[in-house]
Structures are given as structure tokens and as C-alpha cells.
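Written below as C-alpha cells is the structure these notes are about.
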Amino acid sequence: MDSYGNHGLRSITGAPRLETIYEAILCVGSTEIYAVRENGEYKLVSIFGETILEGDFGGFTDIRGENIVARSNTGSQYGIINRAGETVVPFMYESIRFAFGENYIARLDGKYGVINLENETILDFEYLAMTFIDTGDFFMADKTTYMSVIIDNNFAERIVGIITDLDTERNFITVFANGENIFYNFSFERRNSRDILVANTLFLDRRDGRFGFVDSYGNVVVAHTYDDAKEQNRYGFAAVKRNR
């Protein structure tokens with residue numbers, strides 16, 4: 001950005017890419033194409049400054065091949081267009097985010113669902129929030145304030161419950177049910193904590209309604225005297241509660 005507030009783009013080596021002439025430059029998920037605002041209007045340009053698409057649009061948020069998520073210039077509705085500026089999905093949604101393939105997470109009347117490039121509803125608009133987990137190739141969505149659901153890439157519900165953790169580094173999901181944490185891997189197979197938390201030295205264990213900790217062989221290390229407890233974290237500490 002120069003002293004006049006104009007924006008440009010340089011490579012990581014400092015080589016100029018886009019001239020410092022734009023009011024704004026926005027990333028749209030591509031290293032070759034950017035959305036820019038010039039004279040109050042949005043357009044798509046290549047890293048060489050060549051105009052790829054311009055028209056009566058209020059902005060662009062994502063590009064996948066020929067398909068571009070765009071915002072209308074007359075309101076806050078989102079749709080999908082192609083590189084010729086032709087409408088693929090009508091401008092009728094409050095937001096649109098790419099999920100996978102030809103599927104997009106969209107928001108309509110305050111609720112989230114999934115549509116495709118034919119504007120067919122794949123998952124009904126009944127969720128409070130929704131995101132696609134790339135590393136697991138599944139959706140995580142909130143049905144209510146407390147109840148969430150994991151939906152696979154065939155749009156089938158696989159796990160329903162109170163999801164307390166989703167770890168994309170170690171690829172596991174933790175669901176709280178019946179007073180305890182239940183672990184699943186990203187193939188939706190149930191696992192015990194010792195299968196998942198392989199770096200831990202203690203593992204949460206519940207017996208007769210009380211919590212304690214065992215080692216990797218199941219031997220009791222900390223007696224079952226706690227009303228509530230949490231698994232050992234990555235720093236080696238575990239939270240416990242007694243006499244609540």
C-alpha cells in the first residue's frame with residue numbers, strides 16, 4: 001500500500017505482481033487470480049494485471065476452475081457465475097462457501113445447507129452453522145446450540161451428539177455422551193482414548209460414576225475420586241473437579 005492508500009501485490013521475493021493502483025485486493029482462493037476494486041467497482045485480474053472478468057458485481061469471494069462465487073451489486077445476495085459472467089447459481093443466498101466437488105455450503109433465511117451447481121438442495125437448510133473439514137472429507141454442522149452432527153461426503157449423518165473436540169492434527173472427534181467422552185477417528189470408527197491420545201501418559205477412566213486415571217495398560221494411577229475430569233492435555237495437565 002502506498003502513501004495514498006492504494007494497494008498492490010508483490011511476490012515473497014519482493015518482485016512486483018500487481019501495480020499499486022487498486023483500492024483493495026482480495027484473495028479468492030487462487031494464486032493466479034485476485035479480486036480487486038478500482039474506481040469503486042470490482043473485477044477479477046490475473047497476477048499480470050490482465051482483466052479476466054468485470055461487470056455489475058459487488059465482489060467476489062472464491063474461484064474454483066470456471067465457477068466463481070460472487071456478490072450482487074444491489075444487495076448482500078450471493079450466487080455463482082462462470083468466467084463469462086453468466087449466472088450458474090442465482091443470487092439468492094446470504095452466503096456461499098465451497099465444500100468439495102460441485103458442492104457448496106450456502107446460507108438461506110439464517111440457516112445453512114448444501115447446494116450443487118444445478119442449484120439443487122443436497123442438505124436441507126436446517127443447520128445453525130456448518131463447515132467442511134477438508135482433512136476428514138466431511139461436514140460438521142450444528143443442529144441446535146448444543147447438538148452437532150458429522151455428515152460424510154455422501155451426505156449421510158454418521159455421528160450425532162455434543163462434539164467437544166475435533167482435532168485435525170491427530171484426526172479424531174470427541175463426543176460427550178452419557179457423562180463421558182467417546183472418541184472416533186476420521187473413518188467414524190469408535191476408539192478408546194489410548195488409541196487416539198498416543199502421546200498421553202494418563203487416560204481418563206470412569207467407574208461407578210466417579211473419574212480417575214489409568215496408564216496405557218489400564219492400571220489405575222489416580223484413584224476414582226473425582227466428580228468430573230478431563231483428558232490430559234498436550235502439556236501433560238488434566239483438569240479435575242471434586243465435591244461440586
_Take Asn73 and tell me if it is closer than 27 Å to Tyr112 by Cβ, more than 23 Å from the chain's Cα centre (by Cα) and either of a type in the set (A, V, I, L, M) or open to solvent by 70 Å² or more (accessible area, probe 1.4 Å) (or both)._
yes
*Report yes if some residue within the stretch 87-110 is assigned to a strand (DSSP E or B), touching a strand residue (DSSP E or B) at 6+ places or on another chain (Cβ under 6 Å) and surrounded by fewer than 14 Cβ atoms within 10 Å (Cβ to Cβ); otherwise report no.*
yes
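Can you pull out every residue in the stretch 189-223 that is open to solvent by 60 Å² or more (accessible area, probe 1.4 Å) and touching an Asp or Glu at 6+ places or on another chain (Cβ under 8 Å)?
Correct list: Thr201, Arg206, Arg210, Val220, Val221.
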*Look through the stretch 204-223, keep the residues that are in a strand (DSSP E or B) and of a type outside the set (A, V, I, L, M, F, W, C), and return whichever of them is nearest to Arg194 (Cα to Cα).*
Asp205
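Every residue, every condition in (1) of a type outside the set (A, V, I, L, M, F, W, C); (2) free of Cβ contacts under 8 Å to residues at least 24 places away in the same chain, yes or no:
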| site | (1), (2) |
| --- | --- |
| Val160 | no, yes |
| Ala177 | no, yes |
| Tyr184 | yes, no |
| Ala199 | no, no |
| Leu202 | no, no |
| Arg206 | yes, no |
| Ser216 | yes, yes |
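Could you grab me the full set of residues in the stretch 111-120 that are open to solvent by 50 Å² or more (accessible area, probe 1.4 Å), touching a strand residue (DSSP E or B) at 6+ places or on another chain (Cβ under 9 Å) and part of a loop (DSSP other than H, G, I, E, B)?
Listed by number, the list holds a single entry, Glu118.
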*Scan Ile151, Ile162 and give me the residue that is in a strand (DSSP E or B), at pLDDT below 90 and not acidic (Asp, Glu).*
Ile162
*List pairs: first in the stretch 222-234 and closer than 20 Å to Asn178 by Cβ, second of a type in the set (Val, Ile, Thr), Cβ under 8 Å, 6+ apart or cross-chain?*
Tyr226/Val240; Asp228/Val240; Ala229/Val240; Lys230/Val240
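The values are calculated or read from the model by the stated rules, or taken from the named source; none is laboratory data. Here the structure is a predicted model, which means the values were calculated and not measured. Note: ideal-geometry Cβ built from the backbone for every residue, glycine included; neighbour counts use all protein chains shown. We work out accessible area using only protein heavy atoms, side chains counted, and drop any ligands, DNA or RNA first. Shrake-Rupley method; radii C 1.70, N 1.55, O 1.52, S 1.80 Å.
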